[in-house]
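What follows is a set of notes on a single structure, which appears directly below.
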Amino acid sequence: MLYVDGMNGLISHNETVQWLYTLVGSKFRLVVKMALKLLLVFVEYTESNATLLIKAVSVVDAKRGTKLWSNIVEILDEKDGVDTELLVYAMTLINKTLAGLSDQDSYYDMVDCLEEVTLCNRGTLINFS
């Protein structure tokens, strides 16, 4: 069950979304899994939340001095690849976020950012388009 008041509070408080995205970069698998699940619920709640997530990702990655979506791409780029559940949640979050974008320009800007960060991470390329 979703609590509408809580979700509206989350929508209006981008710092919480930034914190959740920061948790995606945690060393602890369960923390990462729950952060991804919560971000998925956030993005699926309403399409305009995709833009809010992108704003949060931009702020967090700018503070860290990394490229956009680097936390998510690190999950996808893990050599072990043992935890397929995290891989599925990470790809689902990316796909739902891209699907929630309102215009093609924003969509292609995000795809370009994702391709750029994957090219910088050990030469691995994941086709997002």
Hits in segment 47-84 (condition: open to solvent by 50 Å² or more (accessible area, probe 1.4 Å), more than 12 Å from N14 (Cα to Cα) and of a type outside the set (A, V, I, L, M)): E47, S48, K63, R64, G65, T66, K67, E74, E78, K79, D80, T84
Could you look through segment 101-129, keep only residues that are surrounded by 15 or more Cβ atoms within 10 Å (Cβ to Cβ) and within 11 Å of W69 (Cα to Cα), and pick out the one that is modelled with the lowest pLDDT? T118
What is the number of the single condition among (1) surrounded by fewer than 16 Cβ atoms within 10 Å (Cβ to Cβ); (2) hydroxyl-bearing (S, T, Y); (3) closer than 17 Å to M34 by Cα that Y89 does not meet? (1)
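For segment 92-109, what are the residues that are more than 21 Å from V32 (Cβ to Cβ) and in a helix (DSSP H, G or I)? If you could, list the steps in order and put the result at the bottom.
Taking segment 92-109 and keeping what is more than 21 Å from V32 (Cβ to Cβ), we get 99-109.
Across segment 92-109, the qualifying residues are A99, Q104, D105, S106, Y107, Y108, D109.
Name the residue that is surrounded by the most Cβ atoms within 10 Å (Cβ to Cβ), counting only residues in segment 1-45 that are assigned to a loop (DSSP other than H, G, I, E, B) and without any contact (Cβ under 8 Å) to a residue 12 or more places away in the chain.
The initial filter retains those residues of segment 1-45 that are assigned to a loop (DSSP other than H, G, I, E, B), namely 1-3, 13, 24-28.
Those left that are additionally without any contact (Cβ under 8 Å) to a residue 12 or more places away in the chain: 1, 3, 13, 26-28.
Working: M1: 2, Y3: 9, H13: 12, S26: 14, K27: 6, F28: 9.
Only one residue tops the list, namely S26.
The values are calculated or read from the model by the stated rules, or taken from the named source; none is laboratory data. Given the structure is predicted, the values throughout are model-derived calculations rather than measurements. Cβ coordinates were reconstructed from backbone atoms using ideal geometry, including for glycine residues, and neighbour counts include every protein chain displayed. Surface accessibility is based on the protein's heavy atoms, side chains included, excluding ligands, DNA and RNA. Shrake-Rupley method; radii C 1.70, N 1.55, O 1.52, S 1.80 Å.
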